[in-house]
Amino acid sequence: MYFLFIKMRISILKLIICLFIAKVSFADENNSGVKFYTGMFDFSDEGAKSQLFGIQHQNADLYRGSFLGELSPVSGAMFTQDNAVYLYSGIETNYSLGPINITPSFAPGYYRQGDGKDLGHGLEFKTELQLSFDLGKNSNLGMSYNHLSNASLGDKNPGANSYTFNFLKKF
């Protein structure tokens with residue numbers, strides 16, 4: 001099972017690198033938006049998995065061009081059923097393939113374990129890959145996979161793999 005998740009992470013990383021190199025057409029609209037999501041925190045650890053809920057904001061006024069495409073700052077909060085909290089701020093970029101969007105992101109943040117899993121450090125890094133479908137001009141529905149890790153800053157670094165279902169509303 002562990003090797004399956006390593007292979008999945010490597011495949012996601014390869015996809016992100018290919019997208020950055022290919023520079024698939026970028027989303028043409030720079031709308032600010034709010035994303036609501038729910039899913040399963042640490043689904044790969046039977047003893048620690050927990051329902052999660054979250055909210056994320058992106059601000060179109062702060063979009064910046066780079067060699068990776070247009071980067072957008074994001075900030076958000078994730079809460080688990082076990083009272084764990086993750087507050088984060090980072091960047092994402094969006095690639096559009098017609099009505100389908102591929103959105104990789106990276107966000108460092110503060111993690112408080114509550115009654116949930118001990119991730120080994122207060123500073124955790126979230127890497128995420130989201131696939132979404134345009135529901136119209138101002139909303140998307142999608143699914144994402146993310147991984148939290150402290151990059152071995154703590155005495156232990158168990159990490160947490162999560163999946164979420166997302167709804168993004170642009171305004």
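Where a number appears in this text, it was derived from the coordinates with a stated rule and is not lab data. Computed from a prediction, not measured in an experiment: that's the story for all the values here. Neighbour counts run over all protein chains shown; Cβ positions are idealised from the backbone, glycine included.
Brief remarks on what is shown
- In plain terms, the chain from Ile55 to Leu131 could stretch by 25.7 nm, reckoned as 0.36 nm per residue minus the Cα-Cα distance.
- Least to most buried among Arg112, Arg64 (fewest other Cβ within 10 Å first): Arg64, Arg112
- Working from label points 7 Å from Cα in the Cα-to-Cβ sense, the Tyr110 to Gln81 distance is 2.7 nm.
- Put in order of Cβ neighbour count within 10 Å, fewest first, the listed residues Ser32, Ser152 become Ser152, Ser32.
- Applying a threshold of 19 Å to the alpha-carbon distances of Lys35/Lys117; Lys35/Lys126; Lys49/Lys170; Lys126/Lys169 flags Lys35/Lys117; Lys49/Lys170; Lys126/Lys169 as lying beyond it.
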